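Trainee: The structure's right below; bear with me while I get my questions together.
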Amino acid sequence: MLKFKQMADVRTRFAPSPTGSMHIGNLRTAFYAYALAKHNNGKFILRIEDTDKKREAEGGVEEIKSLLNIFALSWDEFYIQSERLGIYKKAAEKLVSEGHAFYCQCEGKNAKKEGFSTNLRDECRDKGLTSGAIKLKVPDNEVVSFHDFVLKEDVTWHTPVVFDATLLKSDGYPTYHLAVVVDDNDMKISHVLRGHDWLPSTPIHLLVYRFLGFKVPEIGHLTDILDPEGGKLSKRKGSSSVKKLLSEGYLPEAIFNFVILAGWAPKDNQEFFDVKSFVEKFDIKGFQKSNPIFNQEKLDWFNGHYIRNKSESDLVSMIYDFYKGKYDKDLLRSKLPLFRDRIKKFSEIESFAGPLVNPSVHPEPLKVTTNYLNNISNATISQVENIKDWTQGNVNQALGTAQLQSGSAVGDFYMDMRGTIFGNTGTPPVNDSIYELGKDWTIVQLRKGQEKHSK
Ligand code: GLU
């Protein structure tokens, strides 16, 4: 079992590549790495792994920083790999001079894919070239292994299955394999936490550690977050992009709470976590071994919870910002009580409470019951027209009378009322909404319904 060294020695890093559109799996790695460091009074390092220039997205670094800020994760140190090229070159040349790496001039080829050598050995390894890319000279019959502190098991490879990986490309940029090892050593990383995808790279790293004489840190590979239909959560379905979730109106608090519990669980049944309480509770024993499933309903449930917990003024500003100033703040404030407890995300407001936030819109009235024309009748419209003093009490009374006149059951009458006012069956409380929408608006909308469904 892993024993922590001195508390202050714990140093973790989040090492994203700036390829744009951060996946929630990456964000989860950042949360866990942050908590592991901070729980032990250690340091959390942000390192941008930008050595693959082809995959780099414009603004990628800024996006990473701004997302971490949104989730209130602050880093103690910051590095960019492309600013450290000389360090990697020196390490690669050292490996060549000590016989653990070699120059190769068939760089574009991938030993594994193209199979130019049956035993994954590169054809240039014994040519004694003095320029080109630098590749790792994998020893022939050795065993490499490490103890994975997330999976809680030893993982072992025999070197015949490890290919002669490129360490330094001929353009002077290192590959991930070299840069990650050099940096984790240089930056005194005590615990490496990364996605499961990277496990096949680990034997290469272990050899590089050995040949460079570096101490291997604790390494842990996190589970994959799965799609409910099976398979890895895919970018195509959209729900995996952090930016997309935020743009749909999921609150950072809800995303955080949801994501940390996808693959980790506390000893007790605590369900709600913010960054501070997660750091306090964090324990590597809580990592789960089975792949968690992305449960949209759970995320919605957390979001509804955090929406309800916001103060009125925070919520008004957040909705105002979410809709980029489209709706007046005073209007939002007055209508908020009608929908705040019923929405799961901000993007639902327009479809759920449409006319309340935008009275210039008259939705398409929906006919729900077969008694529609008895419910939305001339008598009902007259009841509304005859309200002299527009108070909530008088609105309730007029609608109550209209329901009795309609001959319909209470449920049926109000179903058609909802359908007519909102064009929907799931709506905010309809009497209160009618009161808020006002007499003129309501009459226009009732007439619209009557006309539409009398045809
Ligand atoms: N740059 C890698 C990534 O984007 C980092 C992998 C690691 O943490 O070692 O996930």
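None of the figures in this text is laboratory data; all of them are computed from the coordinates on show. This structure is a prediction, so every number in the text was calculated from the model and none was measured. We place every Cβ from the backbone using ideal geometry, glycine too, and count neighbours over all the protein chains shown.
Trainee: Please give the helix 439-454 orientation as an angle from the longest Cα principal axis of the chain, in degrees from 0 to 90, rounded to the nearest 10.
Mentor: 90 degrees
Trainee: Could you give the size of the charge dipole of the chain about its Cα centre, using +1 on the Cβ of each K and R and -1 on the Cβ of each D and E, expressed in debye and rounded to the nearest 20?
Mentor: Charge dipole, the chain, about its Cα centre: 280 debye, nearest 20.
Trainee: Calculate log10 I(q)/I(0) of the stretch 67-197 for q = 0.09, 0.14, 0.19, 0.20 Å⁻¹, where I(q) comes from the Debye formula with a single equal point scatterer on each Cα and nothing for solvent.
Mentor: Calculated log10 I(q)/I(0) at the listed q: -0.33, -0.76, -1.20, -1.27.
Trainee: If pairing requires two Cys Cβ atoms under 4.7 Å apart, which cysteines of the chain are left without a partner?
Mentor: Isolated Cys, the chain: Cys106.
Trainee: Something else: Between Ser145 and Met318, with labels modelled 7 Å along Cα→Cβ, what's the label distance in nm to one decimal, could you check?
Mentor: According to this spin-label approximation, the distance is 4.9 nm.
Trainee: As an exercise, find the ratio Rg/Rh for the chain from alpha-carbon atoms, using the Kirkwood inverse-distance average for Rh.
Mentor: 1.16
Trainee: Where does helix 312-322 land angle-wise versus the long Cα axis of the chain, in degrees 0 to 90, nearest 10?
Mentor: 70 degrees
Trainee: Roughly speaking, what is the stretch gain from Arg55 to Ala265, that is 0.36 nm per residue apart minus the C-alpha to C-alpha distance, in nm to one decimal?
Mentor: 72.2 nm
Trainee: Next up: Just how far, in whole angstrom, is the stretch 35-63 from the stretch 305-326 if you go by their alpha carbon centroids?
Mentor: 30 Å
Trainee: For the stretch 303-387, which trypsin sites (Lys or Arg not before Pro) pass both filters: DSSP loop (anything but H, G, I, E, B) and at most 12 other C-beta atoms within 10 Å? Each step should come with its number before you reach the end.
Mentor: Details: sites: Arg308, Lys310, Lys324, Lys326, Lys329, Arg333, Lys335, Arg340, Arg342, Lys344, Lys345, Lys367; in loops: Lys310, Lys324, Lys326, Arg340, Arg342, Lys344, Lys345, Lys367.
Loop-located and lightly packed - Lys324, Lys326.
Trainee: Here's another thing I want to ask about it. Any aspartates and glutamates with Cα under 13 Å of the Lys388 Cα? List them, leaving off those in the same chain fewer than 8 positions away.
Mentor: List returned: Asp440.
Trainee: Related question: How high is the FRET efficiency from Asp171 to Trp441, r the C-beta distance, R0 60 Å, rounded to 0.05?
Mentor: Here the calculated transfer efficiency is 0.35.
Trainee: Please express the Cα-Cα pair-distance distribution P(r) of the stretch 262-302 as a list of whole percents, one per 10 Å bin, running from 0 to the bin with the greatest distance.
Mentor: The distribution over the stretch 262-302 is 25, 54, 21, given as percents.
Trainee: Something else now. With n ≥ 4 as the cut-off for DSSP H runs, can you work out [θ] at 222 nm for the chain, using -39500 (n - 2.57) per run divided by the number of residues, rounded to the nearest 500? Intermediate values should be presented prior to the final figure.
Mentor: On the way: 19 runs with 197 residues, N = 455.
After summing the helix terms and dividing by the residues of the chain, the value is -13000 deg cm²/dmol.
Trainee: Computed FRET efficiency, Cβ-Cβ of Cys106 and Asp186, R0 25 Å: what is it to the nearest 0.05? Walk me through the numbers before you get to the answer.
Mentor: Values: r = 30 Å, r/R0 = 1.21.
The computed FRET efficiency comes out at 0.25.
Trainee: At what distance in nm do the modelled label points of Lys127 and Arg333 sit from each other, each positioned 7 Å from its Cα along Cα→Cβ?
Mentor: Result for the modelled spin labels: 7.4 nm.
Trainee: Of Lys367/Lys448; Lys244/Lys345; Lys53/Lys243; Lys135/Lys169; Lys310/Lys335, which sit over 19 Å apart, Cα to Cα?
Mentor: Going by Cα-Cα distance, Lys53/Lys243 fall outside the 19 Å limit.
Trainee: Pull up all non-local amide H partners of Ile293: gap of 5 or more, or a different chain, and H-to-H distance under 5 Å with H placed in the peptide plane.
Mentor: Leu226
Trainee: Also: In square nanometres, what is one fourth of the surface area of the convex hull spanned by the alpha carbons of the stretch 361-410?
Mentor: 4.1 nm²
Trainee: Also, quick follow-up: Hey, with R₀ at 25 Å, roughly what FRET efficiency would Phe78 and Lys243 work out to, going by the Cβ-Cβ distance, to 0.05?
Mentor: In this case the efficiency is close to 0.75.
Trainee: Over all alpha-carbon pairs in the stretch 167-290, figure out the percentage whose distance exceeds 23 Å.
Mentor: 50 percent
Trainee: Let me ask something additional. For a quick check of your reading of the filter: which GluC sites (Glu not before Pro) in the stretch 253-344 sit in a DSSP loop and have no more than 14 other Cβ atoms within 10 Å?
Mentor: Glu271
Trainee: Kindly express, to the nearest 10 degrees and within the range 0 to 90, the angle between helix 410-422's C-alpha long axis and the longest C-alpha principal axis of the chain.
Mentor: 70 degrees
Trainee: Now a separate question. Under a point spin-label approximation (7 Å from Cα along Cα-to-Cβ), what is the Asn394-Leu85 distance to one decimal in nm?
Mentor: According to this spin-label approximation, the distance is 7.8 nm.
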